[in-house]
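Each remark here refers to the structure printed beneath this line.
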Amino acid sequence: MSTLAPTLYDLDRDALGAELAGQPRYRLDQVWHGLYEQLTDPQDLTTLPKGLRNEIAERIGTALKLVVRQASANGDTVKYLWELRDGARIETVLMIYPERVTVCISSQAGCAMACEFCATGQAGFSRHLSTGEIIEQVVRAGREARAMGRRLANVVYMGMGEPLANERAVWPSIERLHGAIGLSARHITVSTVGIVPGIRRLAERSLPVNLAVSLHAANDELRDRLVPINTRYPLADLIDACRYYLGVKHRRVSFEWAMIADVNDRPSDAAELARWCRRLRPAAHVNLIPLNPTPGTPMIGSSAAKVEAFRAMLESLGVNVTVRRNRGTDIDAACGQLAAGQPISLDAPRRRGRDGLSSGRAPSDTD
């Protein structure tokens, strides 16, 4: 967790009220409404006197400084590279669909999960994000969507980092997105590589958010290699936690499966995956994602023919399955490509913060 002073979006309503002590009581409503319902830049809160706006900006301020904004060639994906106050960098991706607008946000600067095929994991872990640093990503993306005449409707915690390793900041951010911005919990998705205690705690939380599990392998030997945290939380324990989540929340569990040529795209892989899915029937759904190119790994994505054969076999075995179209690969904004400009290579040493790991250990927000 960052030890930096709180920013504007770190403050809950009571804390913001304390910062506005001495102002008329209605000022709190004006600021809160402007920040969260209107998604207004603090400097553009014209319901406030200019002097108060300047005071808020100078005394509290915001967290994200835009370094680069990139748009894909067809304009349907926008990636933001942000610099935080301590120099750490993160990325956020806005995806514009005909029927909806979704933002993919980061929960950590870097990631300690060390998944072999993921650029974020190869770049290493710096620190947890604060609640405000998470929320501000949504606000800034929602502001751009509004400028396009669109409404941000979906938030996915699938950017840089492992959300369930930073629960202390992630869950308050979810509550604020739901309560202050007004996003439905059913339009918020938390993705995890399989932090079993976190999944069980998520099941006990008050809001029925969606759960997505980055699975990628359906036997422990292969998953230990691809997703090292599996050595601590093996597949049987992970599926039991998913079944518990399903039983409590009655929400479909999604399995993310990066299709890697000659690694996890064989008929035997599909059969193993189907056996696990049957334990959650009928509420498990598989998203197949052809592996996106990443410079730090020799792995490549499965061919279109292999992806289709894998999909067809899963369907024949009774599994609900979708092939997800890659978006933003031309600006390194697709799944597994976010590295916030950090150099990555197959042999590069992984940076570790105080919550880092070598293998099999999740960085905890209580360490």
Pick from GLY328, GLY353, GLY301: which is modelled with pLDDT under 50 and under 25 Å from ILE96 (Cα atoms)? GLY328
Test for PHE117: is it at pLDDT below 95, among the aromatic types (Phe, Trp, Tyr) and open to solvent by 10 Å² or more (accessible area, probe 1.4 Å): yes
Give the stretch 269-296 a look and list any residue that's β-branched (Val, Ile, Thr) and either closer than 15 Å to ALA218 by Cβ or touching a strand residue (DSSP E or B) at 6+ places or on another chain (Cβ under 7 Å) (or both), or say none. VAL286, ILE289
Residues within the stretch 55-68 that are of a type outside the set (A, V, I, L, M) and loosely packed, with under 13 Cβ neighbours inside 10 Å, tallied: 3
Quick check on ARG252: is it in contact (Cβ under 8 Å) with a residue 40 or more places away in the chain, under 25 Å from GLU308 (Cβ atoms) and of a type outside the set (A, V, I, L, M, F, W, C)? yes
Which of the following residues is under 30 Å from THR294 (Cβ atoms), in contact with a strand residue (DSSP E or B) (Cβ under 8 Å, 6 or more places away or on another chain), open to solvent by 10 Å² or more (accessible area, probe 1.4 Å) and not hydrophobic (A, V, I, L, M, F, W, C): ARG225, ARG232, ARG252, ARG266? ARG252
Counting only residues in the stretch 99-114 that are farther than 29 Å from MET148 by Cα and in contact with a Lys or Arg (Cβ under 9 Å, 6 or more places away or on another chain), the one modelled with the lowest pLDDT is identified as ALA114
Does the stretch 124-136 contain any residue that is open to solvent by 20 Å² or more (accessible area, probe 1.4 Å), more than 23 Å from ARG186 (Cβ to Cβ), outside any strand (DSSP E or B) and not acidic (Asp, Glu)? no
Looking at the stretch 273-285 only, could you name the residues that are part of a loop (DSSP other than H, G, I, E, B) and either among the basic types (Lys, Arg) or in contact with a His (Cβ under 6 Å, 6 or more places away or on another chain) (or both)? ARG279, ARG281
Criterion (out of contact with any helix residue (DSSP H, G or I) (no Cβ under 8 Å at 6 or more places or on another chain), open to solvent by 10 Å² or more (accessible area, probe 1.4 Å), under 30 Å from MET299 (Cβ atoms) and of a type in the set (A, V, I, L, M)) met by exactly one of MET158, MET148: MET158
Condition first: out of contact with any helix residue (DSSP H, G or I) (no Cβ under 7 Å at 6 or more places or on another chain), within 25 Å of ILE188 (Cα to Cα) and touching a residue at least 40 places away in the same chain (Cβ under 8 Å). Can you find one or more residues in the stretch 298-317 that meet it? no
Filter the stretch 20-46 for residues that are under 17 Å from ALA147 (Cα atoms) and surrounded by 17 or more Cβ atoms within 10 Å (Cβ to Cβ); the one that is farthest from the chain's Cα centre (by Cα) is LEU45
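The values are calculated or read from the model by the stated rules, or taken from the named source; none is laboratory data. In this text the structure is predicted, and so the values were computed from the model without any measurement. So basically every Cβ, Gly included, is an ideal-geometry build from the backbone, and we count neighbours across all protein chains shown. Just the protein is used for accessible areas: all its heavy atoms, side chains included, with ligands, DNA and RNA removed. Shrake-Rupley method; radii C 1.70, N 1.55, O 1.52, S 1.80 Å.
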